[in-house]
Amino acid sequence: MMMTPTHFNAISHLCIGLLCFSIIEGSPAEPANPSENARFWEHIYDDNRPLSFHFIFSEESWNGMNGNSSKRSQTNRPERRPPGRRAPQKFEYVEADMEVSGRRYEKIGIRYKGNSSFRSSRDSPRKPFKIDTNRYQKGLKLFGETKLNFSNAFLDPAYMKEKLGYEVYRSAGLPAPGVGWAEVTYSVEGLYRKKRLGLYVIIEQVDSNYIEKWFGKDSADSLLMKPESREDWRYLGTDPKAYDAFGFKYGKKQIGLIQKFAETLKMIESSTDEVFQKEMGTYIDVENFAAYFAATALLVNLDSYVGMPHNYYLLLDKRDGLLKILPWDVNESFGTFTLNQDPARLIRWDIQRPWIAQRKLAERLFATESFRTLYLQQLRNLLDNGFQEKRLINRIRVLRKNIEPLLTHDPYGFGLEGVEAGIRGDQNGLVPVVERRIPAIEPFIRKRTESVKNQLAGKEAGERIQPRWRR
């Protein structure tokens, strides 16, 4: 039976660990400025205290939010755009009130979000969305946060891939968003009262507060970008405005940092091998990129910089002047983004070439012996710690205990049966979800660990994966 979301009665509680830090052993990244709100959310998660989110719409706001999505769903045509540019979904914020465990927040902003996650749920009310408490009232925060992302886990019957995936990145020493779960209901004045949407995965927003939390106050005004293009990075000349194409999120007025970013791209694109090897450490945070490639390779997270490429942030750090890469949107990790490949091939993906399309930076880094050594050491460290099979399996058991009480009645989601299928799979270790057969989490961990160890020992040649862009 195809595991697709089915209608459900949502639960009345929320168990959330929005900003809790990884408890996987190893050397996880830790915030430079741990805040009171971070410790609060960690306490909520560790003590398994239930919360709930209830959104209250006027009829006008509800129609505005769903009218836009309805129009997009009916046409579903790609926009005309330059070659190589993606056409992300565009959604408008509407005003609503919000109650969190009985505490009311008035006039917050809410909108739908996502691309494939939104398209997959066009016939269901359980769509992914984002809230912004500052959209209509400046200074309004939810336990210190202003933006939260609510994922419908449309490719994750176990509701834990993003939680586990980000913890692996954090174990590699990379900043990673906090992740938890939310029980969501909504009311529309004059139409609906306490309608249940059910279980969502909540992800912390990457923004200026996030950068300051992880990197410190000296990095607060850094250049943060979120590129959305299948084209490889290119040097675009000396005009700072040309680099708007890289999706500036913060720091758009930091002309000096934009110029440094342009110089970095020029160095990557046209420097000699000798100059690149000598100067790469003055432009690029090589330890950061080695950690990113190692974690991405183990997770077979192809819906990322190494594949599509999107679902990542770039940070030109004001503090040290180095380019860093930050993971984002890891819902298709654990081999979920298949590129129409046999899942068994994905599990044996070649660790010596952990990218699948033209990536000039990856080619140049991996042509450098010192970087390859650093990357392979990161792989080994993760296999001993953050991606160690026994620890991950135990972690899954902990998360399952938190999730299952919230899924006893689940008409829109996957239910308890889905959690079991998403974790263990069938006799081949696979689970059918949204017209795909993807690896279940535990079989993936076992088989990927075995393959990577064999590749490191020279007992197995990894599989080279060719890009196929159709989802």
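Observations on the model:
- For region 142-157, the candidate set comprises residues that are farther than 26 Å from F337 by Cβ and touching an Asp or Glu at 6+ places or on another chain (Cβ under 8 Å); within that set, the residue that is surrounded by the fewest Cβ atoms within 10 Å (Cβ to Cβ) is G144.
- Some residue of region 410-420 being modelled with pLDDT of 95 or more, of a type outside the set (A, V, I, L, M, F, W, C) and surrounded by 15 or more Cβ atoms within 10 Å (Cβ to Cβ): yes
- Restricting region 110-125 to residues that are basic (K, R) and farther than 19 Å from K147 by Cα, the residue that is surrounded by the most Cβ atoms within 10 Å (Cβ to Cβ): R119
- Filtering L365, L326 for residues that are modelled with pLDDT of 95 or more, within 20 Å of the chain's Cα centre (by Cα) and crowded, with 19+ Cβ neighbours inside 10 Å leaves a single hit, L326.
- Within region 223-265, considering residues that are among the basic types (K, R) and in contact (Cβ under 8 Å) with a residue 60 or more places away in the chain, the one surrounded by the most Cβ atoms within 10 Å (Cβ to Cβ): K260
- Qualifying residue in region 378-401 (condition: surrounded by 21 or more Cβ atoms within 10 Å (Cβ to Cβ) and closer than 19 Å to A461 by Cβ): yes
- Residues in region 189-213 that are surrounded by fewer than 22 Cβ atoms within 10 Å (Cβ to Cβ), touching a strand residue (DSSP E or B) at 6+ places or on another chain (Cβ under 9 Å), in contact (Cβ under 8 Å) with a residue 60 or more places away in the chain and not charged (D, E, K, R): L191, Q205, N209.
- Taken over region 62-111, the criterion of being modelled with pLDDT of 50 or more and of a type in the set (V, I, T) is satisfied by V94, V100, I108, I110.
- Any hit, region 398-410, residues being within 19 Å of R348 (Cβ to Cβ) and either free of Cβ contacts under 8 Å to residues at least 60 places away in the same chain or in a loop (DSSP other than H, G, I, E, B) (or both): no
- Residue list for region 223-262, restricted to those being among the small types (G, A, S) and under 19 Å from the mean Cα position of the chain (by Cα): S229, G247
- Of the residues making up region 419-448, just one is of a type in the set (D, E) and touching a residue at least 60 places away in the same chain (Cβ under 8 Å), namely E435.
- Here S151, S171, S219 are screened, and the one residue that is over 29 Å from N394 (Cβ atoms) and small (G, A, S) is S219.
Condition check ((1) modelled with pLDDT under 95; (2) among the β-branched types (V, I, T); (3) touching a Pro at 6+ places or on another chain (Cβ under 9 Å)) across all residues:
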residue: L430; (1), (2), (3): no, no, yes
residue: R437; (1), (2), (3): yes, no, yes
residue: F444; (1), (2), (3): no, no, yes
residue: A457; (1), (2), (3): no, no, no
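- Single residue of G139, G173 found to be farther than 26 Å from S229 by Cβ, surrounded by fewer than 19 Cβ atoms within 10 Å (Cβ to Cβ) and small (G, A, S): G139
- Some residue of region 330-346 being of a type in the set (A, V, I, L, M, F, W, C), closer than 30 Å to D221 by Cα and either touching a strand residue (DSSP E or B) at 6+ places or on another chain (Cβ under 7 Å) or assigned to a helix (DSSP H, G or I) (or both): no
- Considered as a group, the residues in region 105-124 that are under 23 Å from S52 (Cα atoms) and in contact (Cβ under 8 Å) with a residue 40 or more places away in the chain include one that is farthest from the chain's Cα centre (by Cα), and that residue is S124.
- Test: residue in region 441-453 that is in a loop (DSSP other than H, G, I, E, B) and either under 22 Å from the mean Cα position of the chain (by Cα) or within 23 Å of L392 (Cβ to Cβ) (or both): no
- Flag for D232 being under 23 Å from Y243 (Cα atoms) and in contact with a Pro (Cβ under 9 Å, 6 or more places away or on another chain): yes
- Where K249 falls short, out of the listed (1) part of a helix (DSSP H, G or I); (2) within 26 Å of L148 (Cβ to Cβ): (1)
- Region 157-176 - residue that is part of a helix (DSSP H, G or I) and within 20 Å of L407 (Cβ to Cβ) and, of those, nearest to the chain's Cα centre (by Cα): E162
- Only one entry in A220, A182 is hydrophobic (A, V, I, L, M, F, W, C), more than 29 Å from M308 (Cβ to Cβ) and either more than 17 Å from the chain's Cα centre (by Cα) or surrounded by 19 or more Cβ atoms within 10 Å (Cβ to Cβ) (or both), namely A220.
- Tallying residues that are among the acidic types (D, E) and either in a strand (DSSP E or B) or in contact with a helix residue (DSSP H, G or I) (Cβ under 8 Å, 6 or more places away or on another chain) (or both) within region 197-220 yields 2.
- Filter result for E274 (under 24 Å from I356 (Cα atoms) and either among the charged types (D, E, K, R) or under 27 Å from the mean Cα position of the chain (by Cα) (or both)): no
- Given (1) out of contact with any helix residue (DSSP H, G or I) (no Cβ under 6 Å at 6 or more places or on another chain); (2) more than 25 Å from E95 (Cβ to Cβ); (3) at pLDDT 95 or above, number of the condition S187 does not satisfy: (2)
The values are calculated or read from the model by the stated rules, or taken from the named source; none is laboratory data. Here the structure is a predicted model, which means the values were calculated and not measured. Backbone-built Cβ (ideal geometry, glycine too); neighbour counts: all protein chains shown.
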